[in-house]
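Colleague: Here it is: the structure, laid out below.
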Amino acid sequence: MMANISTDPKFNRKAMQVEAAQQMISRHVQEMDTELVSIDKVHGRTISRDIRAPHPYPYFRRSGMDGYAVKSSDLDGASGRNQIWLQIVDEIPCGYASDKVIYAGTAARIMTGAQVPDGADAVVMIEATEVRNEAGATAVGFKRPITAGTNITPIGLEISEGELLIKKGTLLSAGEISVLATFGFHEVPVYRKPQVAIFATGTELLRVDEELQPGKIRNSNSYMLVSQVKQAGGEPHLLGSIVDDIELARHMLEEVVQKYDVIITTGGVSVGDYDIMGDLVRQDDVEMLFNKVMMRPGSVTTAAVVQHKLLFALSGNPGACYVGFELFVRPALRMMQASDSPYLEKWTATLGEDYSKVNNFTRYVRGKLSIKNGKVYASAAKVDESSVMVTIKDSDCLIIVRPESKGLKAGEPIELLKLNTASGC
């Protein structure tokens, strides 16, 4: 059984800078083991080792267009007044390799993408040729010379044998999957998805399918977190919600820590009498990493380690829950899959509208990006309180407002974090 709750007062919290909190979490991240997955199922997965080219690409000399494969020296001196004729000895459709060698005085009809026959060193486009039949033989005429190598894609133009194709820790999408298929990787080594338990605390919570009741709200945060976990490459497990009961929360935590790699809770991390997660993470056999961060929204975001598993206790306020995940949980899930860029990308942009709200803590303001006259602008959501849910769907960045700024004016340069709004798998 877990130990008794510590008697330390809830209000005795030491605030930590966001960057310091992120670094503290990173020291407790454990990399996932790996598995082989069929290439048709690897979208959104993270590759677990460097992938190098087993052969050059293209693997053979490839025709860049429909035309005739020739020896360029045969066309020296060709002109409108001195048309040169070559005997056609083969026709090469795409997907076939000719067994004919192009010697002086001969040519082969060839299609785009087909393998250029031995002996040929150029391809003349079909529009620049003329064909004639004489005495049962077919010949092709040329009125211009051609440079060796013209319209031929050489072996290894794109990729040399042994060249790095995909770096370990890369999140796989269409481009990477195309490369894997091109080089015959029908099974792909990827990290096992972190298995993430999600449950909410709060007597006020209803299931999504329940009718509204006085004083109650539906458990929307858990479904938002499911989506965020998927976007970060994790496998979410929705465990519903529990009432504000410390023993029930302790029992739930004891169960999930045995089954899952990461635990996320939402709600119950403030300093009220019913904020049970704030108490739960302060017991003796839980290593609390931090329980206050110098940020708005989400200053009460809490992280701990339970039996070597990371526990994130996020705010019950939707805006704060969302931001807490993006700043702390997402990077942890990406680091568990060896990403070398786990944190949200930092951009600079121009502020679109005045922003006057300041605080002693750094604010991460939900905002919307736009491009005007070639410049990137970001404007804050009209309502960005931590309890506000609706503006999450309209945001694609977090505008960083430092406490020393004393407000920002439209047209000023600002820092922001670009949100990963694209759908995961």
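Colleague: State the number of residues belonging to the range 336-360 that are out of contact with any Ser or Thr (no Cβ under 6 Å at 6 or more places or on another chain) and closer than 25 Å to residue 302 by Cβ. Spell out how you get there, then give the answer.
Modeller: Here is the first cut: in the range 336-360, the ones out of contact with any Ser or Thr (no Cβ under 6 Å at 6 or more places or on another chain) are 336, 338-351, 354-360.
Of the ones still in play, those that are also closer than 25 Å to residue 302 by Cβ are 336, 339, 342-344, 346, 357-360.
Going through the range 336-360 one residue at a time, the tally reaches 10.
Colleague: So if I check each of 127, 35, which one is touching a Lys or Arg at 6+ places or on another chain (Cβ under 8 Å), of a type in the set (D, E, K, R) and open to solvent by 40 Å² or more (accessible area, probe 1.4 Å)? Walk me through it before giving the result.
Modeller: On the way: 127 fails: touching a Lys or Arg at 6+ places or on another chain (Cβ under 8 Å).
Going through 127, 35 in turn, just one is touching a Lys or Arg at 6+ places or on another chain (Cβ under 8 Å), of a type in the set (D, E, K, R) and open to solvent by 40 Å² or more (accessible area, probe 1.4 Å): 35.
Colleague: Pull up the range 207-229, narrow it to residues that are over 33 Å from the mean Cα position of the chain (by Cα) and surrounded by 11 or more Cβ atoms within 10 Å (Cβ to Cβ), then point me to the one that is modelled with the lowest pLDDT. Write out each step before concluding.
Modeller: Step one: of the range 207-229, the residues over 33 Å from the mean Cα position of the chain (by Cα) are 210-216.
Going one step further and asking which of them are surrounded by 11 or more Cβ atoms within 10 Å (Cβ to Cβ), we end up with 210, 216.
Numbers: 210: 77, 216: 81.
By that ranking, first place goes to 210.
Colleague: Within the range 150-179, restricting attention to residues that are open to solvent by less than 40 Å² (accessible area, probe 1.4 Å) and more than 13 Å from residue 50 (Cβ to Cβ), which residue is nearest to the chain's Cα centre (by Cα)?
Modeller: Result: 172.
Colleague: For the range 82-101: of the residues being closer than 20 Å to residue 113 by Cβ and part of a loop (DSSP other than H, G, I, E, B), which is most open to solvent (accessible area, probe 1.4 Å)?
Modeller: 96
Colleague: So which residues in the range 403-425 are modelled with pLDDT of 90 or more, surrounded by 14 or more Cβ atoms within 10 Å (Cβ to Cβ) and in a loop (DSSP other than H, G, I, E, B)?
Modeller: Answer for the range 403-425, where residues must be modelled with pLDDT of 90 or more, surrounded by 14 or more Cβ atoms within 10 Å (Cβ to Cβ) and in a loop (DSSP other than H, G, I, E, B): just 419.
The values are calculated or read from the model by the stated rules, or taken from the named source; none is laboratory data. This is a predicted model, so every value here is computed, not measured. Positions of Cβ are generated from backbone atoms using ideal geometry, with glycine treated the same way; all protein chains shown enter the neighbour counts. All accessible areas refer to the heavy atoms of the entire protein, side chains included, with ligands and DNA or RNA removed. Shrake-Rupley method; radii C 1.70, N 1.55, O 1.52, S 1.80 Å.
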